[in-house]
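Reviewing the structure listed below.
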Amino acid sequence: MGVWRRLSRPPPRFSSVAAAASRPFGKAPSPGCTERVGERVALRPPSPSQLSASLLRGQGLQVPSGTARRRRLQLPTGRSRGPRPRGGSSQAAPRAAPSTSGSSRGPASFERLWRAGNPAPAAAAAAAPAGTMASASAAAGAPAPPPPPPPSLPSLPGPGNARSPASLERDRLWRVLGWRIATSVVWSVLLLPVCTGAFVFFSSLDVLHPVQWVSDALHDLYGSCVLSSLLLLSALVIVISVFNIEFYTVVPSIPCSRLALIGKIVHPQQVMHSLVHSAMGMLMAWCAAVMTKDRYHVLAVPCTDADSLESKAARACLNEHHLFLLLAGAFMGYSYSLLYFVNNMNYLPFPIIQQYKFLRFRRALPLLLRHSAVESLYLLRNFCFLYYFLGYIPKAWVSTAMDLQKDEKQPPLDSLSGLFDLSLLYHVWLCGVFLLVTWYTTWVLFRIYATEAHAFPVQPMFTGDVEECLPRVLNDNTPLIIKYLALQDLMLLSQYSPSRRQEVFSLSQPGGHPHNWVAISRECLALLNDLTQRLVMYQEAAATNGRVKPPSSPVEPKKPIVMEEETAFQTPKASLMPKALMPSLVKASLFSPKFASPDTLNPVCSPYGDSVSNRAVGIVDIKSPRHEGPQSLQSPQLTRRGPRLWTSLTDPQSNGPRSPHASPPPIRREAQHKGRGPPWKLCLWLQNKQEQVKSFLAKRVLIVYFFSKHPEASIQAVFSDAQMHIWALEGLSHLVAASFTEDRFGVVQTTLPTILSTLLTLQEAVDKHFKLPHVSSRPPRISGSLVDTSYKTLRFALRASLKTAIYRITTTFGEHLNAVQASAEHQKRLQQFLEFKE
Amino acid sequence: MRAKASRSRRTLGAAREATGSPPPPRRSALKAHFRGAAFVPRGVPSAARLPVPRARGPQEGGTRQLPAAPPCGMCSLSLFPPSPPWDQVTLYEYNNELVTGDNYESPPPDFRGQWINLPVLHLTKDPLKTPGRLDHGTKTAFIHHRESIWKRCINAWRDMGVSGVLNEVANSEEEVFKWVKTASGWALALCRWGASLHGSLFPHLSLRSEDLIAEFAQVTNWSSCCLRVFAWHPHTNKFAVVLLDDSIRVYNANSTIVPSLKHRLQRNVAALAWKPLSASVLAVACQSCILIWTLDPNSLSTRPSSGCAQVLSHPGHSPVTSLAWSPNGGRLLSASPVDAAVLVWDISTETCVPLPWFRGGGVTYLLWSPDGSKVLATTPSAVFRVWEAQMWTCERWPTLSGRCQTGCWSPDGNRLLFTVLGEPLIYSLTFPEHSREGKGQVGGAKTATIVADLSETTIQTPNGEERLGGEAHSMVWDPSGERLAVLMKGNPRVRHGKPVILLFRTRNSPVFELLPCGIVQGEPGAWAQMITFHPSFNKGALLTVCWSTGRIAHIPLYFVNAQFPRFSPMLCRTQEPPAGGGGSTHVPLFTETASISSPWDPSSGTSWSHSPSSHLQ
């Protein structure tokens, strides 16, 4: 029971049903926590409340009234910021005081402030990057609608109240991806006649009369029905592409339990996807039937009954072959959609080597053909079973609806003798192959075009395209796919392009600041820190095994202030230490904004619904200094360190995995709860009830079957976006290694200690993680399949590239690393790496 | 310095003036000798050999004796110093000459200070089992039981596919219908005919896989010598050796533990490769798969379990004969002579991408250039390719007379030396400096130039005449680009068919030069099995020779590296006594400047240390 509860919380990409199912297990604020909030508020140094107010204003306009549509749009960005709020909020802990104290004024003032901020949206939004950040974090905190909806592309109608960041984002998406996607669609439409030709050729197969076969096929190809069905097919292919574009994701969604998997399938979006696909499958089958001619041509045929010769013309009978073909098409369309989600085929795997698109397509082609042929065979088998048992329903329905009679002479197809018709099976199979090949081709082309490397300029040529350049794209609130492409580009440039590396190491012209390097390294380090933090949390969740600890440690809130000073250039490890003391409640609340579903976050009784807590998360987040808010936002501790190097101000280190202090969001919310009396009690009561129901359900075998987590899946889920981190590691380490000879201004040196300590801390966390059970077992490899399962082993890739990255730095710098400041522990570790003993 | 350099040249008989001026005064004399252009890249029809050298001036070596040499051939090898007496072994190179001694265990006194602490191994054949016992299974322990035909068919299907089933059915007695048997017999014959047709296009496909490996291996005697493959770890004093029974031993200079790796699938090991930027990952090319061993360097175990090995296999990709890690440790390439595609592996996710390749019938040897920008891939037919490692496009080089036997890259990856089977010549191919900026082009030179002529010649020794020369079998270039070792094929007229190791001095910039250095000799009766250079030896170069007697000898070649001695943590730090049987003593670090400068000055090697630029890394 305990295990179950704990595990039900963390997995990041949760799907809705799973979320709903695990709602009773979700963490809700408890009295203990509220008390602690009080303490914390008291301990915090107060700071001007105007600031928080103005922040709220800047923030408020980013959070719309929260339509579902809006959330869908925002979400990917939120997910892309996923790391950010965590890193940011953890850092913001000491400085979160103002907002916390602000919230003590109660939700009413909160709401008012927000409203007040609302009227002047455009100016503020455009003004501050902080604004975008806030919206990002708000969206991150926003409950994830279960299947990760893709970043919406321009083709998608935006919400009516779309604001400038969103449109900017769409602009960028369009500029980077627009042409590629258009080209991929054009290519798939252009390839359609080829597929159709092949289909026509094979459908009129006649082995005994080859010459006639070929001439017939050629003749058919120019027939009007082929040409007109080509038009329809092109439209279908375009619709398929739109669906591919709408549903793709760069982070696979991994259902952690069986129920989550079912939930993934029955989620409205997916149901819609499946329905549309089965409709399109039916249309494809209709086209195929029309092109095949023969006896599949039309639904209504004149009856062949011998006794009614005179009324033959008048009576129309049902052509069951045609119906069979149509239904098979619908079934195959539906199965395609089902497998699309079950096999995570909406996940875009990036290729391990760069190749030209044509070569990639050519490589995929034989796989695609084989896969389609085999799969069509399986689907045909399944469909035959289905039709054998249930075929009478559609048949009766169609014949009544269209007033068609049953042809008594033909054997019914839902009988064994009717089904065992080789020609029918062949044609249905061929139709399935045709359908799958066209759809998979579209899908493969989309994948190839979307994952092609894109070179972002490091420095803007003109002031106009600042938005386009790499540091900006990395740091901004971009759709996840753009972020992936940017990181990929970073990895490529750090390896292959000396001239672009030079730009990274360059100084800005007036002022001489290494803005490019700072921005890039900051983002990479933030990503890596975020991963460290996530791993630590996962390990704790696994280690504590879900037991709830006594929720108080009065020492804890003081820690950040001490730590702030001493860990400036030290390992974040130090701050990880008090982890054991950390009450599980805090941990729970740490998880909740990121991982849990809306409902777990907001108890049913919360009158404000999602939007309040979203805002709360956003507000806290905006305060973290790494979002470059106003200077005065920084805590006194940080400002006191003024005379340090430029890196210290935006020191990525300082938002290291200081998870114990990363709890502001829940605090805020709990503070709000505190303000209200009765609902809070109601909440408690509900909580108790929930617990009871849970414990009752936990004993039922069937429920356990559905709810039990697959350990492998939850581990995969932790590393589902590890591709980003791998690129960040590779890019960073190559840049650092190249800086040994190429960095003329010593730009990298200032960040080197931070980079090393980040990498070593991550290495520690990863090492620890791999000691957990199940982690180092490899899922079976499926070689040479069209379905990509590389995301299942991303954790191994991460571990390997992390080690390689550290080795790359140590082999390049060698003995010089001994001069780098590092904690004793990290020195020891570095020495191990220098001696090749890791 | 320049004066010294030129003086040294003159002592060696060279006529070149200054280091920087490429065209020597006697170009007309050179013309007679240096033929260019045996190879033309893809697109251009393979032209006949052009009789004129390239206009860009000589990029050739062995130039010094030209006036005395006959116009074609023999000039370069005739320059070689006489080989040492037959009972002497080459111990090291110092002061620009190869020093010999009686045996490896007792080096001469003046060498004591120079020895490095590496194990000199002597692995004899005796304790190893003969290759006849390759069957690891317990199959032989059971009494043969004849199963029913269908069961056998299923087994055959699982083991060998369709042809196995056909074979089983055709060979069955009275168990199936007569016509089934006949039909399967016919089908089998058809299969074999098809296979032989394929085999006649690519004759190597009809070989057994052991013969295939032996045919294309870089070692001289793969099938019966007790040392099969040898591989240095790229960063530390650690190496792995494959013995005749396909077990792998890993020796480390700093530890006495010698892990021995065995695996059920580890058969017919043809190549080993340590992953760069890693302490412990070793890729092994086996008969049917690639094994990736992860050996914890801190482990005390001598028999790592086969759980430490990861198995990578790909249908149709066996036997694997060559492996190459990218120098940045990211990707692994594997090749098989029967598979037309090179596979690019991502080890951690176990995914592979086949690089398409339709002609050539297979890939025998892969070599990644040290800067990671290009990959040489040779085929069993008369063509080889150079892949560019960013976008993975390639240039095809048809050779005229045979397949490319071996090759080696210069440290900066801009020059490729290769030899062709059946020709006693070393060719050189240059690539532009910044080809990596231009995406997707290899951009190699249009023609390859001949840089050395290894054809048979007679040299005068104090003991009379001696013949030398032949075809090269394998060729290695040391990581600093200053020494080139060539292992010659056994030639019955040269030293009774013993493979000879020739050592050249090389220089890569500003112009390429190849000067003879000497002959490396082993113990009497020992044949050189394979040669390789230590990848991170910072006192010059360290040539490791595996002898057919099972001895692994390390021959240090001391010289001042032209480039800054690269960082190599282990070699800087380790001072412990050696693990193996090397007759070594405790020694301080070898310092290039203090003790060596004066004796080295007159040598031609010194001047190289002042070459204006070095491109390594």
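The values are calculated or read from the model by the stated rules, or taken from the named source; none is laboratory data. On a predicted model such as this, the values are computed, not experimentally measured, just so you know. Reconstructed Cβ throughout: ideal geometry from the backbone, glycine too, with neighbour counts over all protein chains shown.
Overview of values
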quantity	calculated
Check on A:Arg472, more than 14 Å from chain B (Cβ to nearest Cβ), of a type in the set (Lys, Arg) and surrounded by fewer than 23 Cβ atoms within 10 Å (Cβ to Cβ)	yes
Number of the condition not met by A:Phe796 [criteria: (1) at pLDDT below 90; (2) within 7 Å of another protein chain (Cβ to nearest Cβ)]	(1)
Sole exception among (1) within 12 Å of another protein chain (Cβ to nearest Cβ); (2) farther than 22 Å from B:Gly329 by Cα for A:Leu786, by number	(1)
Test: residue in the range A:296-308 that is crowded, with 16+ Cβ neighbours inside 10 Å, modelled with pLDDT of 90 or more, away from every other protein chain (no Cβ under 14 Å) and over 30 Å from B:Gln390 (Cα atoms)	no
Matching residues in the range B:209-240 - criterion: being within 14 Å of chain A (Cβ to nearest Cβ), in contact with a Pro (Cβ under 6 Å, 6 or more places away or on another chain) and either surrounded by fewer than 22 Cβ atoms within 10 Å (Cβ to Cβ) or modelled with pLDDT under 90 (or both)	B:Trp232
Candidates B:Leu277, B:Leu261, B:Leu243 - the one that is at positive phi and crowded, with 21+ Cβ neighbours inside 10 Å	B:Leu277
Hey, A:Pro753 assigned to a loop (DSSP other than H, G, I, E, B) and either within 14 Å of chain B (Cβ to nearest Cβ) or surrounded by 15 or more Cβ atoms within 10 Å (Cβ to Cβ) (or both) or not	no
Residue that is surrounded by the most Cβ atoms within 10 Å (Cβ to Cβ), among those in the range B:285-294 that are in a loop (DSSP other than H, G, I, E, B) and more than 14 Å from chain A (Cβ to nearest Cβ)	B:Cys286
Qualifying residue in the range A:805-826 (condition: assigned by the TED database to the domain that holds A:Ile726 and under 24 Å from A:Ser253 (Cβ atoms))	no
Residues of the range B:348-381 satisfying the condition of being hydrophobic (A, V, I, L, M, F, W, C) and in contact (Cβ under 8 Å) with a residue 24 or more places away in the chain	B:Cys352, B:Leu355, B:Trp357, B:Val363, B:Leu366, B:Leu367, B:Trp368, B:Val375, B:Leu376, B:Ala377
Condition met for A:Leu830 (under 23 Å from A:Thr532 (Cβ atoms), among the aliphatic types (A, V, I, L, M) and within 12 Å of chain B (Cβ to nearest Cβ))	yes
Whichever residue in the range B:306-321 is assigned to a loop (DSSP other than H, G, I, E, B) and either on the phi > 0 side of the Ramachandran plot or more than 10 Å from chain A (Cβ to nearest Cβ) (or both) and, among such residues, is surrounded by the most Cβ atoms within 10 Å (Cβ to Cβ)	B:Val320
Sole exception among (1) hydroxyl-bearing (Ser, Thr, Tyr); (2) surrounded by 20 or more Cβ atoms within 10 Å (Cβ to Cβ); (3) closer than 22 Å to A:Arg362 by Cα; (4) within 13 Å of chain A (Cβ to nearest Cβ) for B:Ser334, by number	(4)
Qualifying positions in the range B:341-381 - part of a loop (DSSP other than H, G, I, E, B) and either under 25 Å from B:Glu433 (Cα atoms) or touching a Gly at 6+ places or on another chain (Cβ under 6 Å) (or both)	B:Ser369, B:Pro370, B:Asp371, B:Gly372, B:Ser373, B:Thr379, B:Pro380, B:Ser381
A:Gln410 vs. criteria in contact with a strand residue (DSSP E or B) (Cβ under 9 Å, 6 or more places away or on another chain), modelled with pLDDT under 90, of a type outside the set (D, E, K, R) and in a loop (DSSP other than H, G, I, E, B)	yes
Any hit, the range A:420-443, residues being within 27 Å of A:Ser184 (Cβ to Cβ) and among the acidic types (Asp, Glu)	no
Residue match in the range A:327-344 (condition: surrounded by 20 or more Cβ atoms within 10 Å (Cβ to Cβ), of a type in the set (A, V, I, L, M, F, W, C), in the same structural domain as A:Ile245 (by the TED database) and in contact with a Pro (Cβ under 7 Å, 6 or more places away or on another chain))	yes
Filter result (farther than 13 Å from B:Leu376 by Cβ and hydroxyl-bearing (Ser, Thr, Tyr)) within the range B:400-427	B:Ser401
Qualifying residue in the range B:295-305 (condition: of a type in the set (A, V, I, L, M) and outside any loop (DSSP other than H, G, I, E, B))	no
Complete set of residues in the range B:399-431 that are within 14 Å of chain A (Cβ to nearest Cβ) and either modelled with pLDDT under 85 or farther than 14 Å from B:Thr506 by Cβ (or both)	B:Gly413
Some residue of the range B:272-284 being within 14 Å of chain A (Cβ to nearest Cβ), charged (D, E, K, R) and within 24 Å of B:Pro411 (Cα to Cα)	yes
Condition broken by B:Met391, with the remaining ones in (1) in a strand (DSSP E or B); (2) within 14 Å of chain A (Cβ to nearest Cβ); (3) at pLDDT below 90 satisfied	(1)
Subset of the range B:188-224 [within 12 Å of B:Met530 (Cβ to Cβ) and either in contact with a helix residue (DSSP H, G or I) (Cβ under 9 Å, 6 or more places away or on another chain) or assigned by the TED database to the domain that holds B:His317 (or both)]	B:Asn221, B:Trp222
Yes/no for A:Ser372 being closer than 30 Å to B:Leu355 by Cα, touching a residue at least 60 places away in the same chain (Cβ under 8 Å), touching a Gly at 6+ places or on another chain (Cβ under 7 Å) and polar (S, T, N, Q)	no
Pair list, Cβ under 9 Å, 6 or more apart: the range A:492-504 residue more than 10 Å from every other protein chain (Cβ to nearest Cβ) and crowded, with 19+ Cβ neighbours inside 10 Å, other residue of a type in the set (Phe, Trp, Tyr) and assigned to a helix (DSSP H, G or I)	A:Val504/A:Trp517
Index of the failed condition, B:Val494 passing every other in (1) closer than 24 Å to B:Tyr427 by Cα; (2) in contact with a Ser or Thr (Cβ under 6 Å, 6 or more places away or on another chain)	(2)
